[in-house]
1. Would you please give the residues with an amide H less than 5 Å from that of residue 80, counting only those at least 5 places away or on a separate chain, with H modeled from the backbone geometry?
2. Using θ = phi - 60° and the Karplus form 6.51 cos²θ - 1.76 cosθ + 1.60, what ³J(HN,Hα) does each residue of the range 80-87 get, whole Hz, x for Gly and Pro?
3. How much area per residue is accessible in the chain when the probe is 1.4 Å and only protein heavy atoms are counted (Å²)?
4. What ranking of 25, 71, 16 comes out by heavy-atom accessible area, probe 1.4 Å, highest first?
5. Determine the share of the range 4-87's accessible area contributed by carbon and sulfur atoms, expressed in whole percent, with a 1.4 angstrom probe.
6. Can you list residues whose amide H is under 5 Å from residue 10's amide H, if they're 5+ apart or on another chain and H is modeled 1.01 Å from N?
7. Which of the trypsin sites (Lys or Arg not before Pro) found in the chain are in a DSSP loop and have at most 12 neighbouring Cβ atoms, other than their own, within 10 Å?
8. Please give the residues of the range 66-87, grouped as numeric ranges, whose backbone N is less than 20 Å from a label point set 7 Å along the Cα-to-Cβ vector of residue 3.
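The values are calculated or read from the model by the stated rules, or taken from the named source; none is laboratory data. Quick caveat, the model's predicted, so the values are computed rather than measured. Here Cβ is always computed from backbone atoms with ideal geometry, including for glycine, and neighbour counts include all displayed protein chains. Keep in mind that these areas ignore ligands, DNA and RNA; they rest on the heavy atoms of the full protein, side chains included. Shrake-Rupley method; radii C 1.70, N 1.55, O 1.52, S 1.80 Å.
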Amino acid sequence: LMTYFKNKKAELAVTDKPEDYKPGDLVTWNLQNKKVMSGITHIGIVTDQRSPDGKRYMIAHNIGGGNNIEDMLFDYTIIGHFRYKGE
């Protein structure tokens, strides 16, 4: 999946700035170990809903307990950030 978006020139910089992540962006994380760039990967979509403190957009994802919209953008190590606009 990440290779597909890289090949489509949809890859963006991974940053720690919430304002860089816009609704519709795809974000991938490493869930296994915050210091290692391999392990269990996870993907989510940035929504247009704001976090309770208003500083970040919430993420739509399914981490095993069903679909959720949560404030979890920076809970794990981000390993990919993509904005795909189609062909």
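1. Close amide H contacts, sequence-distant or interchain: 28.
2. Karplus values, whole Hz, x for Gly and Pro: x, 9, 9, 9, 9, 9, x, 6.
3. Averaged over the residues of the chain, the accessible area is 64 Å².
4. From most accessible down to least: 16, 71, 25.
5. The computed percentage sits at 49.
6. none
7. Hits after loop and neighbour filter: 9, 34, 35, 55, 85.
8. Only 79-84 fall inside the zone, counting backbone N under 20 Å.
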